[in-house]
Amino acid sequence: MSTARHSPVRSIAAHAVLATYTIIALFPVFVIVINAFKSRKAIFRTPLELPNADTFSLVGFETVLKQGDFLLYFQNSFIVTVVSLFMVLLFGAMAAFALAEYRFKGNSLMGLYLALGIMIPIRLGTVAILQMMAASGLVNTLTSLILVYTAQGLPLAVFILSEFMRQVSDDLKNAGRIDGLSEYRIFFRLVLPLVRPAMATVAVFTMIPIWNDLWFPLILAPAEATKTITLGAQVFIGQFVTNWNAVLAALSLAILPVLILYLIFSRQLIRGITSGAVK
Amino acid sequence: MGSLALKNITKSFGQVDVIKGVDLQVQDGEFVIFVGPSGCGKSTLLRIIAGLEDASGGSVEIDGSEVSSTPPSKRGIAMVFQTYALYPHLTVRDNMSLGLKQAKHPAAHIAERVDFASKMLSLEPYLDRRPAELSGGQRQRVAIGRAVVRKPKLFLFDEPLSNLDAALRVNTRLEIARLHRELGATMVYVTHDQTEAMTLADRIVVLNGGKIEQVGTPMELYNDPANLFVAGFIGSPQMNFIEASHLSRGDARTIGIRPEHISLVPSGGDISGRVSHIEHLGADTNVYLDCGAAGLICARLFGEQNFEIDSTVHAKFDDNRVFRFDDQGQAIRQTS
Ligand SMILES: Nc1ncnc2c1ncn2[C@@H]1O[C@H](COP(=O)(O)OP(=O)(O)OP(=O)(O)O)[C@@H](O)[C@H]1O
Ligand SMILES: [Mg+2]
């Protein structure tokens, strides 16, 4: 059994499969990034070639950065993502703690209700959401996006976190209670640090769809002041002419912040995925 | 300053009644041990005393005052858990002092108490380590230290030794006994290990299915069990139970005899059987006899003894040590 697992043939095969998958997954990203550094002609003539002395051009980035609002779009995306993420993690963890820790009437029903959102896409409610936002005067504000994304992220967060919180030792929480810690201290100081890997997992799964979303920014906050980066990049896609240099440059830039956030969480994430397997 | 009274405590989880009316008085300074089979409600009862769980009915009094609306931290108790339950992000010193810090004791006072406890449990070298850097035995000593630092009126232990290996268990058991002597505090201790119960307890409470079967000193339970359950639960190997109809011994339903009170004789005796298995333990030898309809009987003989497997031997019961039980499983006490 253990010799089979360590045989070189198997290990090469496993690596080959993983490498193939990695290449397939990263290929589109790779093409976007290399083409962002090429002149318009080269993009169409030799889309798969690396930029060389002839074809290298930063015109896309120049266009993007000259288009003064671009930094603002970035900022909007960043604010929306980070604030939504914070709210999802905080409220998700709190709800998960209550579901996992306290016995009350309708506990499991409540858990089911909160998890229902995983199966029903929030976009089905777009019309109603738009009406609500219009009624409360939140159209074209970042708040509207933050509220929607918080709602969108909560079900999965509650579901995953409550599962993890059930595994936190009761004895530890009880020891805290005997030492006179408040329920809030127990939650923040004892339980949260122990489910940190799960929090990181939830953070990554929550963050990426928010950052990439085009739907809700387009519907709820299309105004110039509240455009997000994915929506902002659309200005370069015209009905008749598309400024491919600028689109590719904008998309390349848009990858950076998520990449950074991901790197921050990934150390925790790996532990989250493998926890339970290795104690 | 540490008496405990339980008055008709009941507890249900939904439809399931887990504790079905428990009354108990624990005197100041007493060491009381709860024993019983797994799932009989020992931990639940302890958590109710600690205030970690609300009783469905009845009242808990600590030091003569009813505590049902007092939070755990204000009950003057300390608890040691089976899984140690140390705070993973704090050093040993901080683990021990957290409770007092929460209660706003002055720093000098806290340091003094931590000093006292760590001396008592020889924890000084580890004070600045985190729990992850300690062995299991050291962790449990820290957990005990954390309890000692609080100077509780009442110590609660929930199977504190069951995660330790055999040698460490003996050491820590001696440590707890010493702690009880030196501090003179009241202790309530849950275990399902008989040796712990017999060696540590002033009084043992035998629980079964959420009810108290019997309360008494270890020797009372051994010499005078109130019913079949207690008789079978205390003592190892277990007491032999034989239907009285297989023996010529008067007016009982069941006869009980401990393995150590049986001697094997060449002829005569109370019952005869075929030797089916022998266990050599060095100091003792356990001989299992297949007595046909009367069932399997274990005899515990002193020293090293040898018998042929399948040979027939005769078992003689020590007349003063025979227990008799009636139809309801209650002991029929000798009217002497
Ligand atoms: N939170 C709970 N919800 C429902 N039932 C529970 C809960 N906690 C305990 N029980 C039930 O109560 C009964 C007693 O549990 P308890 O933990 O007190 O047993 P125990 O005597 O300590 O057993 P062990 O020796 O295995 O620790 C068990 O049958 C258990 O299933
Ligand atoms: Mg228990």
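Overview of results
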quantity	calculated
Shape category assigned to the range B:15-89 from the gyration tensor of Cα positions, a/c cut at 1.5	rounded
Carbon plus sulfur fraction of accessible area for chain A, probe 1.4 Å, in percent	71 percent
Length gained when the stretch A:Y113-A:V17 is fully extended (0.36 nm per residue, less Cα-Cα span)	30.6 nm
Computed log₁₀ I(q)/I(0) - Debye formula, equal Cα scatterers, no solvent, the range A:61-277, q 0.08, 0.14, 0.16 Å⁻¹	-0.36, -0.92, -1.10
Residue (of B:T312, B:I278, B:F325) at the positive-pole extreme of the range B:276-335, dipole from beta-carbon charges	B:F325
Taking all pairs of distinct alpha-carbon atoms in the range A:133-226, Kirkwood radius in angstrom	15.7 Å
Alpha carbon convex hull of the protein assembly as shown, projected area averaged over orientations, nm²	43.0 nm²
B:H89-B:E243 pseudo-label distance in nm [points 7 Å out on the Cα-to-Cβ vector]	6.4 nm
Separation of alpha-carbon centers, the range B:264-279 and the range A:176-222, rounded to whole Å	70 Å
Calculated FRET efficiency for the pair A:V59/A:V29, C-beta based, R₀ 22 Å, to 0.05	0.60
Using θ = phi - 60° and Karplus 6.51 cos²θ - 1.76 cosθ + 1.60, couplings along the range B:112-128 (whole Hz; Gly, Pro as x)	5, 5, 5, 4, 4, 5, 6, 5, 4, 9, 6, 9, 3, x, 9, 4, 9
Full-extension gain in nm, A:Y102 to A:V82, via 0.36 nm per residue minus C-alpha separation	4.2 nm
Cβ-Cβ FRET estimate between B:V16 and B:S263, R0 fixed at 45 Å, reported to 0.05	0.45
Estimated FRET transfer efficiency (A:A128, B:T70; beta-carbon r; R0 41 Å; 0.05)	0.25
Accessible surface ranking that places the most exposed of A:K227, B:K104 first, with a 1.4 angstrom probe	B:K104, A:K227
Label-point separation in nm, B:I309 to B:A166, each point 7 Å along Cα→Cβ	2.3 nm
Value of relative contact order over the range B:207-307, rounded to a whole percent, pairs C-alpha under 8 Å and six or more apart	19 percent
Probe 1.4 Å - accessible area at A:W215, Å² to nearest ten	100 Å²
Contact order relative to length of chain A, as percent, for alpha carbon pairs under 8 angstrom and 6 or more apart	28 percent
Convex hull volume per residue for chain B, taking Cα atoms only, in Å³	169 Å³
Distance between the range A:31-45 and the range B:110-163 - C-alpha centres, whole angstrom	66 Å
Ellipticity estimate at 222 nm from DSSP helix runs (n ≥ 4, -39,500 (n - 2.57)) divided over chain A, nearest 500	-22500 deg cm²/dmol
Drop in accessible area of at least 10 Å² in the complex versus isolated chain, residues of the range B:47-73, 1.4 Å probe	B:R47, B:L52, B:E53, B:P72, B:S73
Long-range HN-HN contacts of A:L58 with modeled amide H, under 5 Å	none
Estimated [θ] at 222 nm from DSSP helical runs (n ≥ 4, -39500 (n - 2.57)) normalised by residues in chain B, nearest 500	-7500 deg cm²/dmol
Accessible area of chain B belonging to carbon and sulfur atoms, whole % at 1.4 Å probe	48 percent
Per residue solvent-accessible surface (Å²) - the protein assembly as shown, probe of 1.4 Å	51 Å²
Residues with amide H under 5 Å from that of B:G58, placed H, sequence gap 5 or more	B:T10
Whole-Hz couplings from phi, Karplus 6.51/-1.76/1.60, listed for the range A:151-168; x for Gly and Pro	4, 5, x, 4, x, 5, 4, 4, 4, 5, 5, 5, 4, 5, 5, 4, 7, 5
Whole-Å distance, taken between Cα centres, linking the range B:282-336 and the range A:64-123	69 Å
Simple Cβ-charge dipole of the range B:4-230, Lys/Arg +1 and Asp/Glu -1, about Cα centre, in debye nearest 20	680 debye
Within a Gaussian network of chain A (alpha carbon springs, distance under 10 Å), most fluctuating of A:M133, A:M110, A:M87	A:M110
Loop-resident sites, the range A:50-114, for chymotrypsin sites (Phe, Trp or Tyr not before Pro), counting at most 12 other Cβ within 10 Å (DSSP)	A:Y102, A:F104
DSSP-loop trypsin sites (Lys or Arg not before Pro) across the range A:80-128, with at most 14 other Cβ within 10 angstrom	A:R103, A:K105
Interface burial for A against B (accessible surface, 1.4 Å probe, total of both chains, Å², rounded to 100)	1600 Å²
Length-normalised contact order of chain B in % [C-alpha pairs under 8 Å, at least 6 apart]	16 percent
Minimum 50 Å² accessible area buried by the other protein chains, the range A:167-184 residues, probe 1.4 Å, relative to alone	A:D171, A:L172, A:N174, A:I178, A:D179
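The values are calculated or read from the model by the stated rules, or taken from the named source; none is laboratory data. Here the structure is a predicted model, which is why all the values come from computation and not from measurement. A quick note on method: Cβ atoms are made from the backbone with ideal geometry, for glycine too, and the neighbour counts reach across all protein chains shown. Side chains are part of the model used for accessible areas, which takes the heavy atoms of the whole protein and leaves out ligands, DNA and RNA. Shrake-Rupley method; radii C 1.70, N 1.55, O 1.52, S 1.80 Å.
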